[in-house]
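The values are calculated or read from the model by the stated rules, or taken from the named source; none is laboratory data. From a predicted model like this one, the values you see are computed outputs, not experimental measurements. We place every Cβ from the backbone using ideal geometry, glycine too, and count neighbours over all the protein chains shown.
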Amino acid sequence: MTVLDDLRKALGDSAVREGAAMGARPGSDMSLTGTALPRALIRPRNTEEVATALKLCNEAGVPVIAQGGMTGLAGGANPTGNEIAISLELLRGIEEVDTASATMMVKAGTPLEECQRAAADAGLFLALDLGSRGSCTIGGNLSTNAGGIRVIRYGMAREQVLGLEAVLADGTIISSMNRMLKNNAGYDLKQLFIGSEGTLGLITRAVLRLHPPPGDITTTLCAVESYEQVVALLRRAQSALGGIVAFEAMWLDYFKFNADALKLRFFEADHPFWVIVESTMGTEAIEAFLAQSLEDGLITDALIARSHAQSRDIWSVREGHPIEALPNLLNFDVSLPIGRIGTYAEACTTALKQRWPQSHVSFYGHVGDSNVHICVSVDYAPGEDMHSVDDIVYGVLGQYHGSISAEHGIGTLKRPYLHLSRSSAELALMKGLKQALDPKGILNPGKVI
Ligand SMILES: Cc1cc2nc3c(=O)[nH]c(=O)nc-3n(C[C@H](O)[C@H](O)[C@H](O)COP(=O)(O)OP(=O)(O)OC[C@H]3O[C@@H](n4cnc5c(N)ncnc54)[C@H](O)[C@@H]3O)c2cc1C
């Protein structure tokens, strides 16, 4: 009997797919770097079936990959051909919204947008929000500790979790479905599974924290002349506007490329930086903030979106779909202390342009969360590939003590560079944890560490 026979016997024929029956989806996440289909695809229906599948794979020493919505950007859910993929897609649904404790109990395969809607239907707000909301799943969001556009106010995915259920490599179910904000009874075990990209256990359920709805959000676009002024504007916005819900900066090359392609023009002149500030304070407070910022020279121009459509136009430039059409486009997701992002961007551009003078290099991102994304498009010479670009972007980043992953995770794509952001003592502790929780190394092998 093979492990697939055992899995069929335990979970039923319909839970196990092989060959063409799997379709193309399990072959790659949205990094589009996957090169093989898994050996088979397992679709358990509940936590107990996930535990059974893991127990059988662990006994047989067969590697396993968790797959959620496959929207990851780090290759974390990509198979090499030997693994059995466990899709969480049938573990879908909201089990409970508790308005008294402002929590939601949800299965791991539930798409983020479904959870956001259920919270809103109950008069509450789920603060996690990403562009992939329609397809990504809560299990994937938590295992990558996703960020998104509301981090500046509410924190990352980790901050939205009160309780978690996960299954260890040997099939042990760890149920820590805590609903209390305060709970210091021993180690906070859920943190082991949040951000570990399916290498320490499979997440099956979670208790998410909800908030009061933020109220009406006003979108503002500001023109700024220097990175120092971008930072000064951030601090001014935080003190003058109370809780800002987004602060996104775009460098001119990124803004211009997308705005021109989308045929959107907001101001007459070009400016080195464009900043989106979103706030729930009323228009009067925002106008006063902008007037003062103009007077103090922090901004040179500003526009308050007067309609949902105008706000959408501004965000469509930030989302930047036109830039995705550039040849060989690589999108990096790094973080640095906020004050150093400007000089890092200059040093990185200089280094890339020295090697590829005709390259496109542009920057944008959640600067208020110390996170910047870099778009790089180059014409490779013979013998060059994406690693030549990685070496420069991460090499310069190492000199600035930044992190090679702000929010997308390590997966396979950034694994060779992890030592630039983590000390050897940290890496040794990570390996120790992996050994303790997954001694046979069956969970997502070759990812993260
Ligand atoms: C248009 C677009 C916009 C995006 N915007 C953002 C953004 O703003 N911020 C951000 O952080 N990311 C963003 N992403 C990346 C991606 O959406 C996130 O990483 C998301 O959290 C992945 O969720 P998923 O369900 O698709 O996971 P998958 O891609 O399926 O898997 C991601 C990783 O999690 C593991 N995994 C999946 N499910 C489980 C589980 N139940 N238990 C254990 N491990 C599991 C996988 O093995 C893999 O390592 C974006 C992606 C796209 C395509």
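Might you check whether a residue that is charged (D, E, K, R) and under 27 Å from the mean Cα position of the chain (by Cα) occurs anywhere in the stretch 278-285?
The answer is yes, given that some residue of the stretch 278-285 is charged (D, E, K, R) and under 27 Å from the mean Cα position of the chain (by Cα).
Yes or no, residue by residue, for (1) at pLDDT 95 or above; (2) within 30 Å of Gly147 (Cβ to Cβ); (3) in contact with a Lys or Arg (Cβ under 9 Å, 6 or more places away or on another chain):
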position	(1), (2), (3)
Asp6	yes, no, no
Ala24	yes, yes, no
Ser28	yes, yes, no
Arg45	yes, no, no
Thr52	yes, no, no
Ala60	yes, no, no
Gly72	yes, yes, no
Glu83	yes, yes, yes
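What do you reckon, is Leu88 over 22 Å from Ser335 (Cβ atoms) and more than 15 Å from the ligand (Cβ to nearest atom)?
Criteria not met by Leu88.
So is Thr103 β-branched (Val, Ile, Thr), touching a residue at least 40 places away in the same chain (Cβ under 8 Å), farther than 23 Å from Asp29 by Cβ and more than 9 Å from the ligand (Cβ to nearest atom) or not?
Considered against the rule, which asks whether it is β-branched (Val, Ile, Thr), touching a residue at least 40 places away in the same chain (Cβ under 8 Å), farther than 23 Å from Asp29 by Cβ and more than 9 Å from the ligand (Cβ to nearest atom), Thr103 comes out as yes.
Phe125 passes all but one of (1) of a type outside the set (A, V, I, L, M); (2) within 15 Å of the ligand (Cβ to nearest atom); (3) in contact with a helix residue (DSSP H, G or I) (Cβ under 8 Å, 6 or more places away or on another chain); which number fails?
(2)
Applying the selection to the stretch 301-329, what residues are of a type in the set (Lys, Arg) and either in a helix (DSSP H, G or I) or under 22 Å from Ser362 (Cβ atoms) (or both)?
Arg312, Arg318
Anything in the stretch 272-306 that is crowded, with 18+ Cβ neighbours inside 10 Å and more than 14 Å from Thr219 (Cβ to Cβ)? List them, or say none.
Hits for the stretch 272-306 are Phe273, Ser293, Leu298, Ile299.
Of the residues that make up the stretch 415-422, is at least one at pLDDT 95 or above and of a type in the set (Ser, Thr, Tyr)?
Checked the stretch 415-422: no residue is at pLDDT 95 or above and of a type in the set (Ser, Thr, Tyr).
Which one is nearest to the chain's Cα centre (by Cα), of the residues in the stretch 207-230 that are farther than 19 Å from Val245 by Cβ and among the charged types (D, E, K, R)?
Glu228
So, in the stretch 300-340, of the ones that are β-branched (Val, Ile, Thr) and either away from the ligand (no atom under 16 Å from the Cβ) or without any contact (Cβ under 8 Å) to a residue 60 or more places away in the chain (or both), which residue ends up nearest to Ile374 (Cα to Cα)?
Taking the candidates together, the pick is Ile338.
Taking into account only those residues within the stretch 142-162 that are in contact (Cβ under 8 Å) with a residue 60 or more places away in the chain and not aliphatic (A, V, I, L, M), which is farthest from the ligand (Cβ to nearest atom)?
Arg153
Which pairs have Cβ atoms under 9 Å, sit 6 or more apart or on different chains, and link a residue in the stretch 64-87 that is more than 12 Å from Gly411 (Cα to Cα) to one that is more than 8 Å from the ligand (Cβ to nearest atom) and acidic (Asp, Glu)?
Close Cβ pairs (under 9 Å, with a partner that is more than 8 Å from the ligand (Cβ to nearest atom) and acidic (Asp, Glu)) amount to Val64/Glu83; Gln67/Glu89; Gly68/Glu89; Gly69/Glu89.
Can you tell me which of (1) within 15 Å of the ligand (Cβ to nearest atom); (2) over 27 Å from Phe273 (Cα atoms); (3) touching a residue at least 60 places away in the same chain (Cβ under 8 Å) is the one Arg415 doesn't meet?
(3)
Of the numbered conditions (1) near the ligand (Cβ under 9 Å from one of its atoms); (2) crowded, with 20+ Cβ neighbours inside 10 Å, Gly131 fails exactly one; give the number of that condition.
The number of the failed condition is (2).
Scan the stretch 27-38 residue by residue and report those that are more than 13 Å from the ligand (Cβ to nearest atom) and buried (at least 19 other Cβ atoms within 10 Å of the Cβ).
Leu37
Looking at Gly201, Gly195, Gly215, Gly243 in this structure, which one is within 16 Å of the ligand (Cβ to nearest atom), surrounded by fewer than 22 Cβ atoms within 10 Å (Cβ to Cβ) and in contact (Cβ under 8 Å) with a residue 40 or more places away in the chain?
Just a single option satisfies the conditions, and that option is Gly195.
Looking only at the stretch 349-371, count every residue that is of a type in the set (S, T, N, Q), in contact (Cβ under 8 Å) with a residue 12 or more places away in the chain and under 17 Å from His387 (Cα atoms) and tell me the total.
Final tally of qualifying residues: 2.
A quick yes/no check of all residues on (1) in a loop (DSSP other than H, G, I, E, B); (2) more than 21 Å from the chain's Cα centre (by Cα); (3) assigned by TED's automatic domain parsing to the domain that holds Gly139:
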{"site": "Asn331", "(1), (2), (3)": "no, no, no"}
{"site": "Arg340", "(1), (2), (3)": "no, yes, no"}
{"site": "Thr349", "(1), (2), (3)": "no, yes, no"}
{"site": "Pro357", "(1), (2), (3)": "yes, yes, no"}
{"site": "Gly368", "(1), (2), (3)": "no, no, no"}
{"site": "Tyr380", "(1), (2), (3)": "yes, yes, no"}
{"site": "Ser388", "(1), (2), (3)": "no, yes, no"}
{"site": "Lys431", "(1), (2), (3)": "no, yes, no"}
{"site": "Gly446", "(1), (2), (3)": "yes, no, no"}
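Please work out if His373 is modelled with pLDDT under 95 and either in a strand (DSSP E or B) or within 24 Å of the chain's Cα centre (by Cα) (or both).
Against the criterion (modelled with pLDDT under 95 and either in a strand (DSSP E or B) or within 24 Å of the chain's Cα centre (by Cα) (or both)), His373 does not qualify.
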